[in-house]
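A single structure is presented below for examination.
Derivation of every value follows stated rules applied to the coordinates shown; laboratory data play no part. Here the structure is a predicted model, which is why all the values come from computation and not from measurement. Here Cβ is always computed from backbone atoms with ideal geometry, including for glycine, and neighbour counts include all displayed protein chains.
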Amino acid sequence: MSGFHRVGKTSQFRDGRGNTGLVGDAAVAVFRRGDSYYAFTDKCPHMGASLAMGRLVGDRVRCAWHEWTFDLATGESDMREWACIDIHEVRINGDDVLVKLHKKPPEAEHADREADPGDEWFVWDPE
């Protein structure tokens, strides 16, 4: 399976909870919900927390630090337009959980992050 990397055994994943796996030098958060597995970059775009520490809530993953949520299918967040996570492909081969990284084109990287004037988490002036 070209491009897929083993990140663990199915028996290592608890329903609704995440594990961190490595694909090359990239950390990925992998969650199991029933017989389905989801993988995304293991870094919340808000403050950098490990998303694997979070939980699945319905069709979203919730970050453990500040409860930002991200859609499992699209990676989009309802908190900020720029706050999205990269979704990666998961396959099960026997008892192995395999992940293939999805690479974003460079222009899709959070280009408008600095332009968000309402982003109080990154720009805070007490004056």
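How far is the Cα center of the stretch 1-46 from the Cα center of the stretch 60-95, in Å?
11
Another question, if that's okay. Please list 43-54, 14-25 highest first by mean number of surrounding beta-carbon atoms within 10 Å per residue.
43-54, 14-25
Moving on. In nm, give the distance between the simple-model label positions of residue 11 and residue 25, each being 7 Å from the Cα along the Cα-to-Cβ direction.
Taking the simple label geometry, residue 11 and residue 25 are separated by 3.4 nm.
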